[in-house]
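Below: one structure, written as structure tokens.
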Amino acid sequence: MILLSTSSLNWYWLHRIFKFAHKAWFDGLDLALNKINFDYWDEDYVKDLSDSFKIPVLSITAPSVWMNQKRVDKIVQIALKLWTQIITFSPPHHSDKDNSWFTKYLPKIKRETHLTIAVQNVESKLIYFIIPEFKNATLNEIKKITWDATLDLWSIETSSGMDILMAQKVLWWTIKNVFLSDKQWIRTWLLPGWASGWISFLPLESFLMKLKAAGYNWFITIKVKPSELWVWTEEKVIQNMEYVIWYYKKHFLNYK
């Protein structure tokens, strides 16, 4: 199933994001929670929009910082109200004083609910060139928390010898969501296949075909910069979102 991350249209109100997803025939939304968009945390409001546009919120992405057990509980509350299937968390930020919400509480939530609790890979960054921005963040470490993972293709650091095909092999059956975007050198969060000459730089085409051949039947979520969708013009937004659907069908859904 192909989902749209709300972060791809962060410059719009949630009502219009649902409208765009409905017009472009996306299967559902990934609700990317943050500190700024307070409406996203109102599960009754989001449920009304979801019912109105008949677009389910199948996935929720928690903030990458500012997390604790209380906020995990709130996110779970939202997910249960919306009948969400998967929640994606980032590894603990270096500023987190207590990591028990991650190492102990997330596995507990998975055991006690119907939810899939996934941990995503994050960009490898150092604070002051010494301190890792996120703790327990290697591919092998994130999959062992709940044995569910979200693979963010943008965050794979190719200069380290890793690529998206190798990352898929490491995470393998634990992958429950894929954040899909393209990149080319310093240009990031691009629409798939727009990196160079309409061919992915990563390469996404081979990745998606290999994913389909392996029998993957979970979510693929488009997650790009709002500017990539040309958010200044509604007609252009719809055209680009329809292009994403075409790309998904060609390289994954209809691949045999």
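The values are calculated or read from the model by the stated rules, or taken from the named source; none is laboratory data. Quantities reported herein were computed from a predicted structural model and do not represent experimental measurements. Cβ atoms come from the backbone with ideal geometry, glycine included; neighbour counts cover every protein chain shown.
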I need the full set of residues from the range 227-254 which are in contact with a helix residue (DSSP H, G or I) (Cβ under 7 Å, 6 or more places away or on another chain) and either among the hydrophobic types (A, V, I, L, M, F, W, C) or closer than 27 Å to T116 by Cβ (or both), in order please. L229, W230, V231, V237, I238, M241, H251, F252
Right, S7: assigned to a strand (DSSP E or B) and of a type in the set (S, T, Y) or not? no
Can you spot a residue in the range 83-105 that is among the aliphatic types (A, V, I, L, M), surrounded by 13 or more Cβ atoms within 10 Å (Cβ to Cβ) and in a helix (DSSP H, G or I)? no
Members of the range 26-38 found to be modelled with pLDDT under 95 and either acidic (D, E) or not in a helix (DSSP H, G or I) (or both), listed by number: N34, K35, I36, N37
Only residues that are polar (S, T, N, Q), closer than 19 Å to N10 by Cβ and at pLDDT 95 or above: list them for the range 46-83, please. S50, S59, T61
For Y243, are the conditions met, namely being assigned to a helix (DSSP H, G or I) and touching a residue at least 12 places away in the same chain (Cβ under 8 Å)? yes
